[in-house]
Ligand code: NDP
């Protein structure tokens, strides 16, 4: 079995030496378990948190253990009712070719409905994150203005398209002209601003009326530019602050970046709320999947994947994810 292990905890930006690639025997399923061969591995920003020892909502990966992750693939052997060799499934575990998982955590997926890799992106955890966060916190209404950071990425692309389906004016923020062009021309956002340019001036031009919903994926300088532009009763959906994940870890935060002055929260009656998709997302997965498949079939939801070939390239691809090198949902096609 080809596996990528966590060798040591990164200081700042992860480097290839923080990982170790090994060959081990293929595991065998016990009663109630299924052996899955990964077709695709999802690479996600939260994995940076699992590499660190800092207190968080989930336990860190142990040193020497296989890196945490979700895969989509095929059942090779099963000792659980309901799963048979050849079934396509989502919910395999880890940066590895083969994984043994409990049947309870596996979802059987129909490869006729959508490409296998989509189950890790638009139809998977990132899509569910977008859907749940908008339903519970963002609550976009027709005519409102929504701003989405990391707009071309796995979560951002779904957030903005749902915003359009809800009748909002949607402004994306992304890194560079190529991503911005994709966000407006393919995803159908009303505008996309390049955070490498003067974001204040671009925000003034794109949403002079102010902002009702801000979907936060990035934090730092992007947040500082957006925050003063909230309208009364605005909502800030705190999904992630990726610009801070490689900053030296604090005891209870994603680093030491100074935040905005929170005073205007009172005067403008703003709501700022964080959430973690696993809190209450997965019980709602069937409802989400049904709606998303409907939008996809009608052509009202498009998506972009960045597919990296080969498990051995996962560490480099993950390091790039934290610097904006990915374009779309990052997945590894497992060789
Ligand atoms: P993306 O596919 O959006 O990839 C990450 C993107 O972040 C990069 O492509 C880059 O886009 C942007 N980025 C990286 N570093 C910086 C930086 N220093 N400054 C500005 N932008 C940067 O990732 P996901 O969609 O998977 O995740 C987006 C966010 O959602 C993350 O913060 C993640 O932690 C969070 N998340 C939270 C969940 C929850 O349950 N709360 C669940 C899933 C994700 P660009 O080039 O456009 O800047």
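May I ask you to list the residues in the stretch 268-281 that are farther than 30 Å from residue 247 by Cβ and either in a helix (DSSP H, G or I) or touching a residue at least 60 places away in the same chain (Cβ under 8 Å) (or both)? Across the stretch 268-281, there are no qualifying residues.
Among the residues of the stretch 304-323, those that are within 11 Å of the ligand (Cβ to nearest atom) and touching a helix residue (DSSP H, G or I) at 6+ places or on another chain (Cβ under 9 Å) comprise 304, 305, 306, 318, 321, 322. Count of the stretch 185-241 residues, restricted to those that are surrounded by 14 or more Cβ atoms within 10 Å (Cβ to Cβ), assigned to a strand (DSSP E or B) and more than 12 Å from the ligand (Cβ to nearest atom), is 10.
Under the condition of being touching a helix residue (DSSP H, G or I) at 6+ places or on another chain (Cβ under 8 Å), modelled with pLDDT of 95 or more and either closer than 21 Å to residue 156 by Cα or within 16 Å of the ligand (Cβ to nearest atom) (or both), the residues counted in the stretch 257-279 number 5. Selection over the stretch 163-184 of residues that are assigned to a helix (DSSP H, G or I), under 18 Å from residue 300 (Cβ atoms) and within 14 Å of the ligand (Cβ to nearest atom) gives a count of 3. Note on the stretch 150-167: residues that are crowded, with 22+ Cβ neighbours inside 10 Å and more than 12 Å from the chain's Cα centre (by Cα) amount to 4.
The values are calculated or read from the model by the stated rules, or taken from the named source; none is laboratory data. Just so we're clear, the structure is a prediction, and the values are computed from it rather than from any experiment. All Cβ positions, glycine included, derive from the backbone under ideal geometry; neighbour counts span all protein chains shown.
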